[in-house]
Amino acid sequence: MGAPHQMLAVHIAYIEDARARGAGRGFGTRDNSVVSDCCTPKGYRWIFSERNARGDAKRYRRKGLDPTSRRIVDFVRGQGVENRTVLEVGGGIGSIQIELLKAGAAQATSIELTPTYEEVAAGLAKEAGFTGRIDRRVMDFADAAGELEAADIVIMNRVICCYPDMPRLAGAAADRTRELLVMSYPRETWWTRIALKLGNSALRLTRREFQVFLHPPNGILAATERHGLRTVLNETGSFWTVAALRRSA
Ligand SMILES: C[S@@+](CC[C@H](N)C(=O)[O-])C[C@H]1O[C@@H](n2cnc3c(N)ncnc32)[C@H](O)[C@@H]1O
């Protein structure tokens, strides 16, 4: 993900719409398993646009994974990825899925809220020779998780801070995890709080209908641990924390 997203725009939640439709829960009720474009919160389409997807793909083709995605892939590889199934929530262009398939994963599923990544992601999967091994669906994972098969490894990279109802999203991800859940989210420091507050103010002023969420890191871990996982990694980076949880025996 490119720098312009990182502080301000990327970790965005569509609060007004979420409140209006779901009393502060998710993004409203779905009536089928695939949310069509009409139902994607419009703020998401603005920030996670096709243009943004093309930019992400260009960077990935040139430079490979960004540092946070690389930390996640390296950690998962160290834990064992051979023949595992992978479910990635909010995976954008799908670069982590491609890298885990290259590392020996059997199959990957991508659940994306916005349809804007699909064309670019399909192109990248084809270039890597993984078209038949990545199942991509456009839906709100917090709503649809119950319809999905669990996976050995579940990834949520820079996603949780885009969603207003953290316990619901984190709990859904934990429930679909057979072995390992790996997430990244912003650190909670005085300067991340100020940066995101400033970012939220700018977004409100420009009527972008987005807000950034800085969910408390301990709350995120607690929300997933309540679903039978235990924390095995909690590593802060300069901006992003990468955390991993294993299903307890
Ligand atoms: C900041 S982007 C991160 C994209 C990618 N993981 C990365 O790090 O480059 C957050 C992504 O999460 C997706 N997302 C947020 N909430 C979601 C949900 N409830 N279900 C599925 N995708 C979701 C958004 O559509 C967006 O593509």
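The values are calculated or read from the model by the stated rules, or taken from the named source; none is laboratory data. The shown structure was predicted, so the numbers you read here are calculated from the model rather than taken from an experiment. Using ideal geometry, Cβ is built from the backbone for each residue, glycine included, and neighbour counts are taken over all protein chains shown.
Key figures
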quantity: Filter result for A18 (in a helix (DSSP H, G or I), in contact with a Phe, Trp or Tyr (Cβ under 8 Å, 6 or more places away or on another chain), within 13 Å of the ligand (Cβ to nearest atom) and modelled with pLDDT of 80 or more); calculated: no
quantity: Residue list for the stretch 198-219, filter: out of contact with any Pro (no Cβ under 9 Å at 6 or more places or on another chain) and among the β-branched types (V, I, T); calculated: T206
quantity: Checking D143 against (1) farther than 25 Å from R51 by Cα; (2) of a type outside the set (A, V, I, L, M, F, W, C); (3) more than 11 Å from the ligand (Cβ to nearest atom), the condition it does not meet; calculated: (3)
quantity: Test result for I220, touching a Phe, Trp or Tyr at 6+ places or on another chain (Cβ under 8 Å), more than 15 Å from I111 (Cβ to Cβ) and away from the ligand (no atom under 11 Å from the Cβ); calculated: yes
quantity: Pick from the stretch 132-184, criterion within 13 Å of the chain's Cα centre (by Cα) and polar (S, T, N, Q), ranking: surrounded by the most Cβ atoms within 10 Å (Cβ to Cβ); calculated: N157
quantity: Selection within the stretch 62-89 - within 11 Å of the ligand (Cβ to nearest atom), touching a helix residue (DSSP H, G or I) at 6+ places or on another chain (Cβ under 7 Å) and either closer than 24 Å to L169 by Cα or not in a loop (DSSP other than H, G, I, E, B) (or both); calculated: S69, I72, E88, V89
quantity: Odd one out for E209 among (1) at positive phi; (2) at pLDDT 95 or above; calculated: (2)
